[in-house]
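First comes the structure, then the notes that go with it.
The values are calculated or read from the model by the stated rules, or taken from the named source; none is laboratory data. Note that the coordinates shown come from a computational prediction; the quantities given were computed from them, not determined experimentally. Note: ideal-geometry Cβ built from the backbone for every residue, glycine included; neighbour counts use all protein chains shown. Keep in mind that these areas ignore ligands, DNA and RNA; they rest on the heavy atoms of the full protein, side chains included. Shrake-Rupley method; radii C 1.70, N 1.55, O 1.52, S 1.80 Å.
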Amino acid sequence: MQKFHNDDVVLDIHDRPSAGHWVGLSIQHLFTMFGATVLVPILVGINPSIALVSSGLGTLVYLTVTKGKIPAYLGSSFAFIAAMKLLMKTDGYPAIAQGALTCGLVYLIVSFIIRKIGSSWLDKILPPIVVGPVVMVIGLGLASNAAQNAMYHDGVYSFKYVLVALITLALTIFFNMFFTGFLGLIPILLGIIGGYITAMIFGIIDYQPIIEAKWLAMPAFNVPFVSYQPKLYINAITTMAPIAFVTMTEHIGHLMVLNKLTKRNFFDDPGLDRTLMGDGLAQIVAGFVGGPPVTSYGENIGVLAITRVHSVYVIGGAAMFAVLLGFVGKLSALILSIPGPVISGISFILFGVIAASGLKILIENKIDFDRKKNLLIASTILVIGIGGLVFEAGTFTLSAMALATVLGIILNLILPEQARSEK
């Protein structure tokens, strides 16, 4: 039986680019993931270079476990920021590492359960009326972060920042629309370069860290029994383990988008059990080397949608470059110097593309919004998810996206197909 090949894209999942194209496409992918991947450790107080290494290693583990069938890049997870900040103040990184390992184990346990009972139940709890709005929330829920980073410098509105973000956006759109050949495949990378040059002209780049950085530098590894003697941190386990179920919801949401984007069903092949196992093992690896917990990235989906390059060889190349960059101090410092408004200018497109993919799901499945059930489900998911409603109970926190997804699933299961007024 001939394997499916998506002819609507430039490079399908198992298509291998030429050596020259491979390098450019992989670096573009890494640069797009870079901003969020290093932002998490910076906010928490972990060395960004080790976050690069852990994201690269985590991605390679994920690709291996999923048999190279899913074009997904794993970066530092935002869901754990509050918990990691708290633990860093009390017990330091060893507690965070234990929390990351615990989360990874939770993923593995759930993956084994799914292997036994199957994942056919997903079709019932995640129909298009739930999936479409959730996908829109994944993109639009990030929109405010992109806008904030484009407007404010140290909490003060900056006209320069806004101009840099808008020029970066305009350049990326131009490159995407009018460039052909290989240059037409790397509009995001060209947009970042163009945005960086613009930021240089506006004088908002700090060159000192680049000058002071060494060419070769060992990442700040934090390995148990080598860097520290591990002990039991009950607070770390109870604080971080519940968040694993939140990131699982995001994991499933990203898979749903990838299914539509690549015209495949990853819940069946390689299976949700393998995708969760890959994510869980990646978190365990991150905890062992000293990085923050990792998870699948919405930015990854945006790059795939815009470039139409779905090759796992490109993803794997980005992961390898991430590991190497962790050891090259000058290059790490150079990428770290990319200012927020440049990343925001790119993010306006990436996040918007994800949201548009959710709208496409609703259109393709011809969802009837004259039916009250559909209208209520979509309305609830969109407003709660985009509005940022967070559910907190003690140390347990349910993010807006996760809460919107859970409520959407519940409403779909309990509401009758027709309201009484429609009968």
> With every protein chain left in place, what is the accessible area of residue 61 in Å² (1.4 Å probe, nearest 10)?
Replying inline: 40
>> So, taking all protein chains as they sit and a 1.4 Å probe, how much accessible area belongs to residue 14, in Å² rounded to tens?
In response: 100
> Once amide H atoms are placed 1.01 Å from N in the peptide plane, what residues at a sequence separation of 5 or more from residue 228, or on another chain, have their amide H within under 5 Å of its amide H?
Replying inline: 223
>> For a quick check: with amide H placed at 1.01 Å from N, whose amide H comes under 5 Å from residue 74's, ignoring anything fewer than 5 positions away on the same chain?
In response: 59
> Dipole of the range 178-320, Cα-centred, from +1 at each Lys and Arg C-beta and -1 at each Asp and Glu C-beta, to the nearest 20 debye?
Replying inline: 160
> For residue 116, which lysines qualify as cross-link partners when the Cα separation must be under 29 Å and same-chain residues fewer than eight apart are set aside?
Replying inline: 3, 67, 69, 124, 260, 263
>> Per DSSP helix of 4 or more residues, -39500 (n - 2.57); summed, then divided by the residues of the chain. What does that give at 222 nm, rounded to the nearest 500?
In response: -21500 deg cm²/dmol
> In what sequence, highest mean first, do 342-352, 369-379, 411-421, 250-260 appear when ranked by Cβ atoms within 10 angstrom?
Replying inline: 342-352, 250-260, 369-379, 411-421
> So, with +1 on the Cβ of K and R and -1 on the Cβ of D and E, and no other charges, what is the size of the charge dipole of the chain about its Cα centre, to the nearest 20 debye?
Replying inline: 400
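Working out 0.36 nm times the residue gap between residue 90 and residue 116, then minus their Cα-Cα distance, what length gain in nm do you get to one decimal?
Stretched out fully, the residue 90 to residue 116 stretch lengthens by 5.4 nm.
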> Which residues' amide hydrogens lie under 5 Å from the amide hydrogen of residue 153, considering only partners 5 or more residues apart or on another chain, with H built in the peptide plane?
Replying inline: 158
> Whole-Hz Karplus ³J(HN,Hα) for the range 133-141, in order, using 6.51 cos²θ - 1.76 cosθ + 1.60 and θ = phi - 60°, x for Gly and Pro?
Replying inline: x, 4, 4, 4, 5, 4, x, 6, x
> Which peptide among 155-165, 67-77, 317-327, 174-184 comes first, and what is the full order, when sorted by highest mean count of other Cβ atoms within 10 Å?
Replying inline: 67-77, 317-327, 155-165, 174-184
>> Let's see if you can work this out: charge +1 on each Lys and Arg Cβ, -1 on each Asp and Glu Cβ, no other charges. What is the dipole magnitude of the range 358-423 about its Cα centre, in debye to the nearest 20?
In response: 180
> Each residue of the range 178-194 in order: what ³J(HN,Hα) in whole Hz does its phi give by Karplus 6.51 cos²θ - 1.76 cosθ + 1.60, θ = phi - 60°, with x for Gly and Pro?
Replying inline: 10, 8, 10, x, 5, 4, x, 8, 10, x, 6, 4, 5, x, 5, 5, x
>> Report the gain in length on full extension from residue 324 to residue 229: 0.36 nm times residue separation, minus Cα-Cα distance, nm rounded to one decimal.
In response: 31.4 nm
>> Charges on Cβ only, +1 for Lys and Arg, -1 for Asp and Glu, centred on the Cα centroid of the range 22-169; of 126, 46, 153, which one is farthest towards the dipole's positive end?
In response: 126
>> So with the 1.4 Å probe, I'd like the accessible area per residue for the range 292-377, rounded to whole Å².
In response: 34
> In whole percent, how big is the carbon plus sulfur part of the accessible area of the range 165-264, probe 1.4 Å, protein atoms only?
Replying inline: 72
